[in-house]
Structure formats: structure tokens, C-alpha cells
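Input: a single structure, listed below in C-alpha cells.
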Amino acid sequence: MLTLILFLAAPLFLQFLLKFYLARRQVWKLQQANLPMPPFSLLSGHFPALKAIISSMPRNATIHSVLLALSRQFPSGLFYINMWPFQGTWLIVANPSAAAQIQALNLPKPDIVQKPLETITGGPSLNSMNGEVWKRWRALFNPGFNPAYIIGLASGVVDEVEVFCSKLRERAAGGAGGDVFQLEELTMKFTVDTICRVALDSNLHHQTTPHPLAVALQRQVEWASFGTTFNPFKRWLTIRPLVLWYNNRTMNRFIYDEIDRAYHNPPDRPSKSVIALALKQYMKEEAEEYEQKKGVNKKVDPAKSLEEFKRRVAPQLRVFIFAGRSTTSSTLLYVYYLLAKHPAALEKVRGEHTSIFGADYTQTGAKIRADPTLLNQLPYTLAVIKETLRLFPPAASMREGREGVEIIGDDGTRYPTAGCNVWTLSVALHHNGTYWKEVEAFIPERWLVGPEDPMYPVKGAWRAFEFGPRSCIGQTLATLEMRIALVMTLREFEVLPAYEEWDEVNPRAGVKVVDGHRAYQSEKGGGGAHPADGLPVRVAFRK
């Protein structure tokens, strides 16, 4: 029996040794070229360096926070780290010039990004597609996310913010700031309702009653794996496939019905949703392509084209909801958190809102509906949002390296990308003191000064939405949502972080702070970065 076990195990052991050798050989080559990386051990690789940082942080701190701490050892903003056997080698980028080079190279997204995203979305989406397929779908959706088009949908966003405000009033009505609660519970529901309102012209009412689409998406996100956990039981021993299948079925059923509704809308009452705009263009392109191939006397089958559109667009809608709800919610939470810590900035924002919308804050929603372009007259509010995104960016950008492709550092050092995933780590770049004055300070004014001022941001050093053709398609909607939410809440409410009270009721051993912030960025499934514990707060009516 022992002989049989050894006979069967031998090939697996040899395969392990081969992979071990290849992983180590790659690192040795990089070391021989004197390229920057943490201390490396033959047996344990770079994990001792990671362990030292991880042990100094809360257990649920994001991998972004860990790598940010590690990046401070490499002022050039470029270094390698090997993650075998969990993943391969990463080239971490926290340098604006290097990030711009990666953007220009248009490298594809790697499988470790594509596969988890497609688990959440149910198929290829703009966040995971590459090449010509990506170009076509980006072109279909660009008009719907054009700034001029999006601002025309502000009235629908106001409707959802009014519901959000009503929920805050319920919390504040108890007096003395009401009970402590996790504000993220409200902001996540608000952003889901808003995205579905804009993208689908659908009123989910998820803020008042749990909606099956939103519930299924949340479960999908929680069960998806971005490979950021090193626990083998959580990685590989799981009922995940069954849960994902059920969630997919629930989400697609709703989305298909909504697309049918958009298609059959009466011509005299056309939907203004993003999906209706894309559907109209898609059907037009399908008809034109069919005529070119088959001749003008034969027509495309609309039913077939509609079914194909539904199948292809469902993942796009799911990625819009997934990406938009989490990132916008987290950023809005961090705005409230930072303004509470900086009362002078808060009063300046409130003053700007009064100067544009008048002293009666109850009329703000009506004024936005009448003239949404007023939102473009809030430079300090936008500066607060950008500074919040600098300190707490919710995402990063990973690309797959290629043979022969090198990134050139500021000092001329060449960094090969072959066999690596190249990770532009926004949080590390945004906290790199080489490119930012008073890098850890919350200073919205840095976004309002001219190029002659030392505080003026270095070109390309802020990459919250990335740049170029693959920049975040939803950034216009995200900033619109946040501006409307802020102008309709900040003058009515005091949002008071309540971590001390939360920790008394929910005691937890270990470290609870990262870089001085109790609201550190934490994992919450789906690879996102959320304020720790959902940002516990009290909400009070402003006196």
C-alpha cells in the first residue's frame, strides 16, 4: 500500500519541485539584475517580509494596505514581489511615469482578474474584456456615460438621494445623534438603486425593501474569490459553485426582463437609460452588418439580435452595479469620515453649497432638478472628493506582462514584465511622498492651486479612475452621485464617526488601526476596499 501511495505521489511531488524551481529561478534572475524587491528566502520566498507587515495590521486589512506599507521601502515606486504558490510574481508600480507607460502599452488583464470578475458578472464585461471585443462594447456604452448625457439624468439621482435622506432622518430622529449604526448599510443600498435607475431606468426600491437583484449580487460578491486569501480551506474547499449558479439565475432573470421592457417601450415614451441607448445602437449595428453580408433585401431577425444582446449585455450591467455600488459607496463614506475629522473643510463645503443653492437646504433637490448644471459650480466639493480618492482609492489596475516589454524607471532602470502581473497600485502611488507634498494630510486645496504652487499635483500621480481609453467608464456617474448626495445631506445632518462606542459593543482583540485611521480599508469580499466595520456612525440633525 505504501509503495502504491509513493508511486502515485511521485509525479505530483516532481511537478511541485519543477514549479518551485521555476518560481525561484525567475526571482533569482531579477536579483542578479539588481532589481528592487524585499529580502528573499529560498524556502519561504517573500512571505517573511509580508508576514512582518501583516502581523502589524488588522486581520481584515486589504492586500493594498499591506503592499502600501511594503512600498515605503522602495522610493523609486517600483519593486517585485513573488507570491508563489498562491500567485506568481507581481511588479508593483507606484510611480506616475511607469503607470503612464503601462497605460500606453495597453497590456491585457490577467486571468487572476478576469476569472473572479466573470464569476461576479456571469461572463465577459468591460472590466475583463480585451482587444477588439472590448473596443466594440466600450463604444456602445460610451454615449450613455458621456458627461452631458449623465447630467441629464440627475433628476433620477435626486429621487434616490431623497430616499437616502429619509433613512438618515429616521436614524437622527431619536435625538442625541440616535443609535450607532453602520452607515455602509445605507450607502450601498443607495448606490445600487442609483445605478439601476440610471443604467436600466428601473426603480428597485432597495433602500426601503430588499430587492432580489441586489441581494443576489451581494451574495455573489461575498462568494467570489480574488485570490487575496491565503487560507487554503477558504480558497479551495467550498460550496461556492452551487451558490454562484443560483445567484446567476436570479440576476439574469431580472436583467433580461428589464431589457425586454426597454426594447418594447412605446416610441413616444423612449427610455433614457444607459441600456436603452446601447440597445438602440446595437440593433442598428446588427442590421447594418447583416445587410453588408447578406444584401439589402434581407433583414436581420430582431428577436435573435435581442436575445444575443441580452446574453452579452447582462454581464455588462452586472459589472456596472458591482463596481459602481462598492466604489462609490466607499468613497462617499470616506468623505463623511474625513470631513468629520476636518471641521474647517466641512464648513467650507457647506458654505459653497449655500452660495450655489441658497440657505434653504430643503429646496436643494428641486433646484438640481430645475438646473443640474449648478452641480458644475462646486469646485471645493469636487476637490474634497478627489482628495478623498487620493487617500482612500477603492481600486487598482493589474495588467499581464509580456515577453520583451520593459518599464523604464525614473533613473533609467529597466524592469522586465515577462512572467509578471504588473500592478499599478493606486493607494501606494497616492501615498508616495516623492510626488505629493504633505502626503498623509487631507488638503483639498491642493486641487485648486495653479502649476506654480508646490502643492500642485504631479501629472499622472492621481489615478483613482485610471487614464486613457480603459479609464473607469462610470467615473462621471460616480462623481455626480457623490456631489448630489453631499449637497443634499451635509447641511441637514451631522455624520459623526462612532468607533469608540462600536468597539465597546463589539470588542475585538488585535490591531484596529492602519496609518492612524480606525476607518482603515478592509476586505469585504469581491476584492473591494471598504471602511472598517462599515463606518459606524451617529447621525444628528444639524443645529
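What follows draws every value from the coordinates through simple rules; no lab data is involved. Please read these numbers as outputs of a predicted model, since none were measured by experiment. Please note: Cβ atoms are built from the backbone with ideal geometry, for glycine as well, and neighbour counts cover all protein chains shown.
Which of the lysines could a cross-linker bridge to residue 304, judged by Cα under 21 Å and excluding same-chain residues fewer than eight apart?
Partners found: 280, 284, 293, 294.
Report, ordered by chain and residue number, the aspartates and glutamates lying within cross-link reach of residue 115, taken as a straight Cα distance under 20 Å and ignoring same-chain residues fewer than 8 apart.
Straight-line reach from residue 115, under 20 Å: 132, 222, 400, 523.
Could you tell me the calculated FRET efficiency between residue 411 and residue 86, based on Cβ-Cβ distance and R0 = 25 angstrom, to the nearest 0.05? All intermediate terms of the calculation are to be shown ahead of the outcome.
On the way: r = 31 Å, r/R0 = 1.25.
The value I calculate is 0.20.
Going through the cross-link list 341/386; 109/135; 19/51; 189/310; 109/189, which pairs have a Cα-Cα distance over 19 Å in this structure? Let's see the in-between values first.
Numbers: 341/386 17 Å; 109/135 14 Å; 19/51 23 Å; 189/310 25 Å; 109/189 29 Å.
Pairs exceeding 19 Å: 19/51; 189/310; 109/189.
Work through the residues other than residue 325 whose Cβ is under 13 Å from its Cβ and net out their charges, Lys, Arg +1 and Asp, Glu -1. It would help to have the intermediate numbers written out before the result.
Details: positive: 189, 197, 318, 524; negative: 160, 184, 185, 193, 481.
Every neighbour counted, the sum reads -1.
Dimensions of segment 35-98 along principal axes (Cα, Å, largest first)?
32, 28, 18
What FRET efficiency do you get for residue 173 and residue 215 if R0 is 25 Å and r is their Cβ-Cβ distance, rounded to the nearest 0.05? Write out the running numbers ahead of the final one.
Working: r = 27 Å, r/R0 = 1.08.
The computed FRET efficiency comes out at 0.40.
Hey, how much of the P(r) for segment 93-144 falls beyond 16 Å, as a percent of Cα pairs?
Working: 712 of 1326 pairs.
Above the 16 Å cut-off, segment 93-144 has 54 percent of its Cα pairs.
So if each residue of separation counts as 0.36 nm, and I subtract the Cα-Cα distance between residue 434 and residue 155, what length gain in nm does that give?
Details: separation 279, 0.36 × 279 = 100.44 nm, distance 4.23 nm.
Length difference between fully extended and current span is 96.2 nm.
Here are some values of volume of the Cα convex hull per residue in Å³: (i) 175; (ii) 211; (iii) 195. Which one was computed from this structure?
Among (i) 175; (ii) 211; (iii) 195, the one derived from this structure is (iii).
Do the sum for the chain: with -39,500 (n - 2.57) for every DSSP H run of n ≥ 4, divided by all residues, what is the mean residue ellipticity at 222 nm, to the nearest 500 deg cm²/dmol?
Working: 20 runs with 285 residues, N = 543.
It comes out at -17000 deg cm²/dmol, rounded to the nearest 500.
For segment 253-284 and segment 382-452, what is the centre-to-centre distance using only Cα atoms, to the nearest Å?
About 39 Å separates the Cα centre of segment 253-284 from the one of segment 382-452.
Around residue 509, under 13 Å between beta carbons, what's the net of Lys plus Arg minus Asp minus Glu among the other residues?
Working: positive: 59, 508, 512; negative: 503.
Cβ neighbours under 13 Å give a net charge of +2.
Between residue 367 and residue 22, 0.36 nm times their residue separation minus their Cα-Cα distance comes to what?
On the way: separation 345, 0.36 × 345 = 124.20 nm, distance 6.33 nm.
Contour length minus the Cα-Cα distance gives 117.9 nm.
Pull up the DSSP beta bridges for the chain and report the antiparallel fraction as a percent, rounded to 5.
Working: 24 of 29 bridges.
Once the DSSP bridges in the chain are tallied, antiparallel ones form about 85 percent.
Shape verdict for segment 387-543, please, from the Cα gyration tensor: rounded (a/c under 1.5), prolate (a/b greater than b/c) or oblate.
On the way: a/c = 1.98, a/b = 1.53, b/c = 1.29.
Prolate, since a/c reaches 1.5 and a/b exceeds b/c.
Given +1 on the Cβ of Lys and Arg, -1 on the Cβ of Asp and Glu, and no further charges, what dipole in debye does segment 35-541 carry about its Cα centre, rounded to the nearest 20?
Numbers: 56 positive and 51 negative charges, 233 e Å.
Charge dipole, segment 35-541, about its Cα centre: 1120 debye, nearest 20.
What list do you get for 431, 264 if you sort them by fewest beta carbons within 10 Å?
Values: 431 21, 264 8.
Ranked by crowding around the Cβ, least crowded first: 264, 431.
Under 1.5 on a/c is rounded, so check that first for segment 1-135, then, if it is not, pick prolate when a/b is larger than b/c and oblate when it is not; a ≥ b ≥ c are the square roots of the alpha carbon gyration tensor eigenvalues. Mind dumping the intermediate values first?
On the way: a/c = 1.75, a/b = 1.23, b/c = 1.42.
It comes out oblate by the Cα gyration axes.
Among 171, 369, rank each residue by its count of other Cβ atoms within 10 Å, from fewest to most, as a rough exposure measure.
Values: 171 20, 369 13.
Exposure proxy ranking, most exposed first: 369, 171.
Per residue, how much space in cubic angstrom lies within the convex hull of the C-alpha atoms of segment 160-205? Write out the running numbers ahead of the final one.
Details: hull volume 2.6 nm³, N = 46.
It comes to 56 Å³ per residue, whole-number rounded.
Would you order 455, 37 from fewest to most other beta-carbon atoms within 10 Å of each residue's own beta-carbon?
Taking fewest neighbouring Cβ atoms as first place, the list is 455, 37.
Classify segment 21-69 as rounded, prolate or oblate from the Cα gyration tensor: take a ≥ b ≥ c as the square roots of its eigenvalues, call it rounded if a/c is under 1.5, otherwise prolate when a/b beats b/c and oblate if not. Walk me through the intermediate numbers first.
Numbers: a/c = 2.83, a/b = 2.11, b/c = 1.34.
Prolate, since a/c reaches 1.5 and a/b exceeds b/c.
Among 196, 356, 100, whose Cα projects farthest towards the positive end of the dipole of the chain, with charges put on the beta-carbon of Lys, Arg (+1) and Asp, Glu (-1)?
Among 196, 356, 100, the one farthest towards the positive end of the dipole of the chain is 100.
Gain in length, residue 359 to residue 12, computed as 0.36 nm per residue apart minus the alpha-carbon separation, to one decimal in nm? Before the final figure, lay out the partial values.
Numbers: separation 347, 0.36 × 347 = 124.92 nm, distance 7.24 nm.
Residue separation times 0.36 nm, minus the Cα-Cα distance, leaves 117.7 nm.
For Cα pairs less than 8 Å apart in space and 6+ apart in sequence, what is the mean separation divided by the residue count of the chain, i.e. the relative contact order in percent? Walk me through the intermediate numbers first.
Values: 749 pairs, mean separation 132.6, N = 543.
The normalised contact order for the chain reaches 24 percent.
Rounded to the nearest 0.05, what FRET efficiency do residue 104 and residue 33 have when you use their Cβ-Cβ distance and R0 = 35 Å?
Details: r = 23 Å, r/R0 = 0.66.
So the FRET efficiency works out to roughly 0.90.
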